[in-house]
Amino acid sequence: MFSKILIANRGEIACRIISSAKKMGIKTAAVYSSADEFSKHVDMADESFFIGESQSNMSYLNMNEILRVIQDSGADAVHPGYGFLSENSDFVDAVNKIGKCFIGPSKEAISIMGDKIRSKELAHRAGVLTVPGYIGEVNDNKNAIEIADKIGYPVMIKASSGGGGKGMRIANNSEEVSEGVSRAKSEALSSFGDDRIFIEKLIVQPRHIEIQILADSFGNIVHLGERECSIQRRHQKVIEEAPSPFLDEIMRNSMGEKAKDLAAAVNYTSAGTVEFIVDNEKNFYFLEMNTRLQVEHPVTELITGIDIVEQMTLIANGQELKLS
């Protein structure tokens, strides 16, 4: 087992990871910016390291500084939490190159599933239904209007590298497509440095269901049921509920199996969340995969009694899942 884990994060999630590490008898190293010198996660950890000023790009997003601290701390593993560098495939690669273990999925899985176009293509090959639309990059306004006309209105314009509701626009006609493409591209470029977009059919009055999975390096994959996050504001989740009042046992099992199929197709290991969108006729479609510890993971922990951070750590240490 790891002797020491460095937590490349701050606040609540850093405290959460430290709690599981302590339970497992693993020492922890925290990092902190000038704004976090007296934060709880710094106090909870066995040791802590200053990584820069309060601006995240000078501290928690400063990959080189965090890599230096990983080596200075003597930690043999890194847990990224969520946000910051947690879904940065270059960070995973850099951690592995200095001989340390990244507690999370591989750089390949993060790269593929973090790209909405590539992940939809993978889902299609894995037999997992995606929202009806054009699986591929939209070239320009003319191309966008042709695609939208073919799909049928209303449509949703989305950024390939999007998240958090950014780079998304609804269009009800060709004029709105033209305007929406320009705005989505601009927002995607400023938010993600990637202005690629795609178009799919808008699911009216959708249900958002996410399936929590765990996968080890021996090919074992389990799902821990669902969380429903249909109550949203500006595409941001407000309430998570588990189990979903909308699903029956047949649909729950079907969604769980499709989530596992997707994980297997990308050779996924660690914890991950597969998000589906469901229409009012209970047809469900793959939306995206979060290749990290989900912000809402405690909801699943409360109904299953499973410590997901502990399971991630065991998997990263090369152990086989004991869950079925």
* To do: Could you please tell me which pairs satisfy a Cβ distance under 8 Å, a separation of 6+ or placement on different chains, a first residue in segment 155-183 that is free of Cβ contacts under 8 Å to residues at least 40 places away in the same chain and over 18 Å from GLU288 (Cβ atoms), and a second residue that is assigned to a loop (DSSP other than H, G, I, E, B) and open to solvent by less than 50 Å² (accessible area, probe 1.4 Å)?
  => ALA171/PRO154; ASN172/PRO154
* Structure fact -> Here the qualifying pairs (Cβ atoms under 8 Å; residues six or more apart or on different chains; first in segment 185-208 and on the phi < 0 side of the Ramachandran plot and hydroxyl-bearing (Ser, Thr, Tyr); second open to solvent by less than 50 Å² (accessible area, probe 1.4 Å) and assigned to a loop (DSSP other than H, G, I, E, B)) come out as SER191/GLY162; SER191/GLY167
* Among residues belonging to segment 272-300 that are assigned to a helix (DSSP H, G or I) and open to solvent by less than 30 Å² (accessible area, probe 1.4 Å), point out the one that is nearest to ILE135 (Cα to Cα). => HIS297
* Structure fact -> Within segment 175-219, the residues that are open to solvent by 50 Å² or more (accessible area, probe 1.4 Å), of a type outside the set (Ser, Thr, Tyr) and within 21 Å of the chain's Cα centre (by Cα) are GLU187, LEU189, PHE192, GLY193, ASP195, ARG196, ARG207, GLY219
* Structure fact -> Considering residues that are open to solvent by 40 Å² or more (accessible area, probe 1.4 Å), within 29 Å of the chain's Cα centre (by Cα) and of a type in the set (A, V, I, L, M), the number found within segment 130-174 is 4
* To do: Please specify each residue of segment 62-98 satisfying the condition of being without any contact (Cβ under 8 Å) to a residue 40 or more places away in the chain, in contact with a strand residue (DSSP E or B) (Cβ under 8 Å, 6 or more places away or on another chain) and under 18 Å from SER217 (Cα atoms).
  => VAL92, ASN96
* Restricting attention to segment 224-253, which residues are open to solvent by 50 Å² or more (accessible area, probe 1.4 Å) and either of a type in the set (Lys, Arg) or outside any loop (DSSP other than H, G, I, E, B) (or both)? -> GLN232, ARG233, ARG234, GLN236, LYS237, GLU241, GLU249, ILE250, ASN253
* Can you name the number of the only condition in (1) under 19 Å from SER111 (Cβ atoms); (2) over 17 Å from the mean Cα position of the chain (by Cα) that MET255 fails? -> (1)
* Of all residues in segment 257-271 being open to solvent by 10 Å² or more (accessible area, probe 1.4 Å) and not in a loop (DSSP other than H, G, I, E, B), the one that is nearest to GLY318 (Cα to Cα) -> ALA264
* Check segment 301-309 and report whether any residue there is among the small types (Gly, Ala, Ser) and either out of contact with any strand residue (DSSP E or B) (no Cβ under 9 Å at 6 or more places or on another chain) or outside any helix (DSSP H, G or I) (or both). => yes
* Structure fact -> The residue that is nearest to LYS116 (Cα to Cα), considering only those in segment 314-324 that are of a type in the set (A, V, I, L, M, F, W, C) and surrounded by fewer than 23 Cβ atoms within 10 Å (Cβ to Cβ), is ALA316
* segment 276-306, residues that are among the acidic types (Asp, Glu) and within 22 Å of ASN9 (Cβ to Cβ) -> GLU288, GLU296, GLU301
* Within segment 88-134, track down each residue that is basic (Lys, Arg) and assigned to a loop (DSSP other than H, G, I, E, B). => LYS100
* Residues of segment 301-313 satisfying the condition of being open to solvent by 40 Å² or more (accessible area, probe 1.4 Å) and either within 15 Å of VAL78 (Cα to Cα) or out of contact with any Leu (no Cβ under 9 Å at 6 or more places or on another chain) (or both) -> LEU302, GLY305, GLU310
* Asked: Just for segment 32-77: of the residues that are aromatic (Phe, Trp, Tyr) and over 23 Å from PRO105 (Cβ atoms), which one is most open to solvent (accessible area, probe 1.4 Å)?
  -> PHE38
* Asked: Looking only at segment 99-110, which residues are open to solvent by 50 Å² or more (accessible area, probe 1.4 Å) and touching a residue at least 12 places away in the same chain (Cβ under 8 Å)?
  -> LYS107, GLU108
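Tell me the residue from ARG233, ARG183, ARG207 that is of a type outside the set (S, T, N, Q) and under 22 Å from VAL128 (Cβ atoms), please.
That would be ARG207, the only listed residue that is of a type outside the set (S, T, N, Q) and under 22 Å from VAL128 (Cβ atoms).
The values are calculated or read from the model by the stated rules, or taken from the named source; none is laboratory data. Remember, predicted model here, so these are calculated numbers, not experimental data. For neighbour counting, all protein chains shown are included, and Cβ atoms are generated from backbone atoms with ideal geometry for every residue, glycine included. Please note that ligands, DNA and RNA were not included when accessible areas were found on the heavy atoms of the full protein model with its side chains. Shrake-Rupley method; radii C 1.70, N 1.55, O 1.52, S 1.80 Å.
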